[in-house]
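Enquirer: Supplied in structure tokens, the structure appears directly below.
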Amino acid sequence: MQKAGTKIFGRICFALFIWMLSDIGGDRALAANAVTLNAENKFTLTAPKGTKFIREQGVDSFVGKFTHPEFEIGFDYGWYSYSGSELTQDSRYTTRNVTIDRRPAAIITGPSREQSCKGQYAGLFIPAVSMADGDPTRLYMRACVYDAERLPVLIGIFESLRFKKP
């Protein structure tokens, strides 16, 4: 029963994501209001038009961010990426187990964790995007929006992730 509830919740979030991307009151298609961004052939995601990908310098992993006037999503993709385990134990945060591109994942939402953000936090943790030499390559994404009403947009972006085959 929980899996059915999770699927329904995911569909509701995706529908809200499409609605928020659409021109409210207009009839333009989603494609006119969203872009698919390629993170250097590691993965793609769909986000509102105006979102930009910026690669950052990483020490031991692929790091970067997706910026938009209403949000910023940072990510760390590699063996040593943050696991999010302490957030799943914190009662201030809600954890939803999902499947992203056929991989088990967790989306965690709650109050902001960073000084620079006075709003709501959304995080995505994928513990094993792929395996290399017996070690998992992880993906951690973190984002901030100033009000909870914008969280469905972030969740929709997370759920749009598609990984490139190695």
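Enquirer: When the residues of the range 110-130 are narrowed to those that are buried (at least 19 other Cβ atoms within 10 Å of the Cβ) and over 19 Å from F163 (Cα atoms), which ends up modelled with the highest pLDDT?
Expert: Filtering the range 110-130 down to residues buried (at least 19 other Cβ atoms within 10 Å of the Cβ) leaves 120-126, 129.
Next, only the ones that are over 19 Å from F163 (Cα atoms) stay: 120-122.
On the way: Q120: 87, Y121: 87, A122: 90.
Step by step, filter the range 110-130, then rank; the result is A122.
Matching residues to (1) under 17 Å from C144 (Cα atoms); (2) buried (at least 18 other Cβ atoms within 10 Å of the Cβ); (3) within 16 Å of the chain's Cα centre (by Cα); (4) at pLDDT below 90:
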{"site": "K52", "(1), (2), (3), (4)": "yes, no, yes, no"}
{"site": "E56", "(1), (2), (3), (4)": "no, no, no, yes"}
{"site": "G64", "(1), (2), (3), (4)": "yes, yes, yes, no"}
{"site": "E70", "(1), (2), (3), (4)": "yes, no, yes, yes"}
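Enquirer: Hey, another quick one. Output the qualifying pairs, or none if there are none: Cβ atoms under 9 angstrom, residues six or more apart or on different chains, first residue in the range 61-90 and within 19 Å of P136 (Cβ to Cβ), second residue assigned to a loop (DSSP other than H, G, I, E, B) and basic (K, R).
Expert: Short answer, once both residue conditions are applied: F62/K42; Y77/K42; L87/R113.
Enquirer: Pairs needed: first member in the range 131-153, assigned to a helix (DSSP H, G or I); second member anywhere, modelled with pLDDT of 80 or more; C-beta distance under 6 Å; at least 6 residues apart or different chains.
Expert: A148/Q120; L151/T109; L151/Q120; L151/A122
Enquirer: Same structure again: Going through the range 38-76 one residue at a time, which ones are farther than 13 Å from F158 by Cα, in a strand (DSSP E or B) and small (G, A, S)?
Expert: A39, G64 - these are the residues of the range 38-76 that are farther than 13 Å from F158 by Cα, in a strand (DSSP E or B) and small (G, A, S).
Enquirer: Follow-up question, since we're still on this one. In the range 131-166, which residue that is among the hydrophobic types (A, V, I, L, M, F, W, C) and in contact with a helix residue (DSSP H, G or I) (Cβ under 8 Å, 6 or more places away or on another chain) is modelled with the lowest pLDDT?
Expert: Start the filter on the range 131-166 by keeping residues that are among the hydrophobic types (A, V, I, L, M, F, W, C), which leaves 131-132, 139, 141, 143-145, 148, 151, 153-155, 157-158, 161, 163.
With in contact with a helix residue (DSSP H, G or I) (Cβ under 8 Å, 6 or more places away or on another chain) added as a condition, the list becomes 141, 143, 145, 153, 155, 157.
Values: M141: 89, A143: 90, V145: 84, V153: 89, I155: 91, I157: 93.
This residue is V145.
The values are calculated or read from the model by the stated rules, or taken from the named source; none is laboratory data. Everything numeric in this text was worked out from a predicted model, so none of it was measured. Because the Cβ atoms are built from the backbone with ideal geometry, glycine has one as well, and the counts that use them run over all protein chains shown.
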